[in-house]
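Single-structure report; data block below.
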Amino acid sequence: MLGAIVQGAQSATNDRIDIVAQTAFETNSDQVIQAQAIILGTTENLGYMSGGLKDFFDRIYYPCLEKTQGLPYSLVIRAGQDGTGTLRAIDKISTGLRWRAVQQALICRGKWQPKFITQCEELGAAMALGLDLGVF
């Protein structure tokens, strides 16, 4: 799914914007502060976000709190169930950070479906195009 997001972003802008794709564990607050936008991705784990994404938020929250207000973000949840608990938890944290959701969260529910790849490509393309055109 990450590869599809990156592919969609690259195809929408013909590499006119820099795209960095890495895990939550690899990402630090300085990188978030310098980002023009962010796409978060997580699995649904027991009705909550992954431990990796929770760790990411724990590490970047206070360093980013005053420096990333208004940061455009999108969210992808790979949910075995309904994803609503995961979405609710991330919404609370992103609201606290004062980040701005620029797309409705993509929740890929249930058993694996090939359409998840297309949806991720579209999400990546929409984010990249919005940045490229100065919409966000």
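The values are calculated or read from the model by the stated rules, or taken from the named source; none is laboratory data. Small disclaimer: the values here were computed from a predicted structure and weren't measured. Please note: Cβ atoms are built from the backbone with ideal geometry, for glycine as well, and neighbour counts cover all protein chains shown.
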Quick count over the range 87-136, residues being in a loop (DSSP other than H, G, I, E, B) and among the β-branched types (Val, Ile, Thr), is 2
State the number of residues belonging to the range 96-128 that are of a type in the set (Val, Ile, Thr) and in contact with a strand residue (DSSP E or B) (Cβ under 9 Å, 6 or more places away or on another chain). 2
Quick check on this structure: which one of 86, 95, 118 is surrounded by fewer than 17 Cβ atoms within 10 Å (Cβ to Cβ), modelled with pLDDT of 95 or more, within 27 Å of residue 7 (Cβ to Cβ) and β-branched (Val, Ile, Thr)? 118
I'm trying to understand the selection: among the residues of the range 20-51, which are among the hydrophobic types (A, V, I, L, M, F, W, C) and modelled with pLDDT of 95 or more? 20, 21, 24, 25, 32, 33, 35, 37, 38, 39, 40, 49
Give me the pairs, please: first residue somewhere in the range 39-59 and more than 19 Å from residue 123 (Cβ to Cβ), second residue anywhere and in a helix (DSSP H, G or I) and not small (Gly, Ala, Ser), beta-carbon distance under 7 Å, and either six or more positions apart or on two chains. 47/86; 48/86; 57/93
